[in-house]
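K.L.:
Sending over a structure as structure tokens; questions will come in a sec.
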Amino acid sequence: MFKGFYTAAAGMLSQQRQTDLLTNNIANANTLGFKADQGTLKAFPDMLLQRMESEDLPTDRSISVQNKKEIGTINTGVYMQETVPNFTQGDLQQTSQSTDIALMEQNMPTKEGGLFFVVQSPDNTPQYTRNSNFTLDLDQQGFLTTSTGAYVLNTNNQPIQLKSENFTVDSQGNVTENNQQVAQIDIAYASDLQTIKKAGNGLYETLNNQPLPSARNNPGISYQLKQGFVERSNVDAAQSMTDLLTAYRAFEANQKIMQAYDRSMDKAANEIGRVR
């Protein structure tokens with residue numbers, strides 16, 4: 001009896017996690033550079049059911065043996081195996097702000113790869129972002145930073161320092177101020193996006209905390225930086241709402257199954273076998 005109870009409970013837990021994932025995606029539909037999360041549901045291994053019974057042998061000694069007869073398999077539920085970001089390119093939105101510099105991928109060596117801006121975390125751990133809504137801290141030292149204060153790095157792995165917002169960035173990330181090139185924005189290449197994890201605040205890290213190689217001078221990679229543009233979230237709000245309703249209905253279905261099991265167990269405990 002309890003096998004179905006646990007299967008329904010596992011279904012409720014997995015659909016609850018799916019609901020949390022989808023609501024987080026919808027909440028970040030307008031977050032610049034946000035990459036939607038995708039969940040993978042996987043079934044637990046099936047169990048093989050067998051029936052045990054005794055069979056008497058036709059002998060004078062009344063010998064009985066145990067026989068096993070296969071009944072079939074039973075599913076033991078599902079679980080959310082993993083959540084991974086969807087790194088597809090988001091739409092570009094024009095802002096005309098000089099500090100907004102969108103990254104647009106063009107040609108990649110493999111479909112599994114992706115490009116990122118390189119930023120410096122407070123603890124000097126290599127981090128990456130696709131949120132190109134940068135700012136310039138002119139009140140301090142004039143470094144180009146993310147909205148959370150992380151320094152945007154150049155190809156020499158150094159922060160980019162500017163004197164004003166009157167600068168230009170060409171398609172390859174060359175930063176020019178007062179008719180002089182002061183830096184080139186570094187772009188990192190991840191050959192396998194499965195090795196990238198979210199670090200919060202629109203930042204990403206590698207699973208092994210090792211730095212990604214630069215995409216510069218890689219003949220198999222082409223990209224374009226567009227000043228005055230930002231990359232929007234790649235969340236499909238309409239599809240996410242549809243998936244959310246589907247997950248909610250699946251949760252309700254499993255909930256009704258558990259309620260039916262609960263009533264059955266209540267009757268078994270309080271009515272069956274009662275002495276009158």
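The values are calculated or read from the model by the stated rules, or taken from the named source; none is laboratory data. Just so you know, these numbers come straight off a predicted model, no measurement behind them. Virtual Cβ from ideal backbone geometry, glycine too; neighbours counted across all protein chains shown. Surface accessibility is based on the protein's heavy atoms, side chains included, excluding ligands, DNA and RNA. Shrake-Rupley method; radii C 1.70, N 1.55, O 1.52, S 1.80 Å.
K.L.:
Which residues in the stretch 169-192 have a backbone N closer than 19 Å to a point placed 7 Å from the Cα of N157 along the Cα-to-Cβ line?
P.N.:
Once the point is set 7 Å along Cα→Cβ of N157, 183-191 turn out to lie under 19 Å by backbone N, inside the stretch 169-192.
K.L.:
How many nm is it between the label spots at I272 and Q81, if each spot is 7 Å from the Cα in line with the beta carbon?
P.N.:
Rounded to a tenth, the inter-label distance reads 3.7 nm.
K.L.:
Moving on. Once you order the gyration tensor axes a ≥ b ≥ c over the Cα atoms, which shape class does the chain get: rounded for a/c under 1.5, otherwise prolate or oblate by comparing a/b with b/c? Display every interim value, and only then the final one.
P.N.:
Working: a/c = 3.98, a/b = 2.71, b/c = 1.47.
Because a/c hits 1.5 or more and a/b exceeds b/c, the chain counts as prolate.
K.L.:
For the stretch 116-150, which chymotrypsin sites (Phe, Trp or Tyr not before Pro) are in a loop by DSSP, counting at most 12 other Cβ atoms within 10 Å?
P.N.:
Qualifying residues, ordered by number: none.
K.L.:
All other residues with a Cβ under 15 Å from the Cβ of I101 taken together, and with Lys, Arg as +1 and Asp, Glu as -1, what is their net charge?
P.N.:
Once positives and negatives cancel, what remains is -4.
K.L.:
If Rh is defined by the Kirkwood formula over all Cα pairs and Rg also comes from Cα, what ratio Rg/Rh do you get for the stretch 99-243? If you can, show how the numbers build up before the last one.
P.N.:
On the way: Rg = 15.4 Å, Rh = 15.8 Å.
With Rh from the inverse mean 1/r over Cα pairs, Rg/Rh is 0.97.
K.L.:
Of S214, S147, S132, which has the most accessible area with a 1.4 Å probe, and how do the rest follow in descending order?
P.N.:
Of S214, S147, S132, the descending order of accessible area is S147, S214, S132.
K.L.:
Something else now. Please give, to one decimal in nm, the separation of the simple spin-label points placed at A43 and R249, each 7 Å out from Cα toward the Cβ.
P.N.:
Here the answer is 2.1 nm between the modelled labels.
K.L.:
So for the pair Y6, T31, with labels modelled 7 Å out along Cα→Cβ, what separation do we get in nm?
P.N.:
Taking the two extended label points, one gets 3.6 nm.
K.L.:
Turning to a different aspect of this structure: Using a 1.4 angstrom probe and counting only protein chains, how large is the accessible area of R263 in Å², to 10?
P.N.:
150
K.L.:
Another question about this same structure. Residues of the chain: accessible area per residue at 1.4 Å, in Å²?
P.N.:
Details: 16580 Å² over 276 residues.
For the chain, the solvent-accessible area averages 60 Å² per residue.
K.L.:
Determine the gain in length on full extension of the stretch V182-S96; use 0.36 nm per residue of separation and subtract their C-alpha separation, reporting nm with one decimal.
P.N.:
Gain on stretching V182 to S96: 28.8 nm.
K.L.:
Further, regarding this structure: Would you compute, from DSSP H runs of 4+ residues alone, the mean residue ellipticity of the chain at 222 nm, taking -39500 (n - 2.57) per run and dividing by the full residue count, rounded to the nearest 500?
P.N.:
When only DSSP H runs of four or more count, the value is -8000 deg cm²/dmol.
K.L.:
Put K111, K267, K35, K226 in order of accessible area, largest first, 1.4 Å probe: what do you get?
P.N.:
Of K111, K267, K35, K226, the descending order of accessible area is K111, K267, K226, K35.
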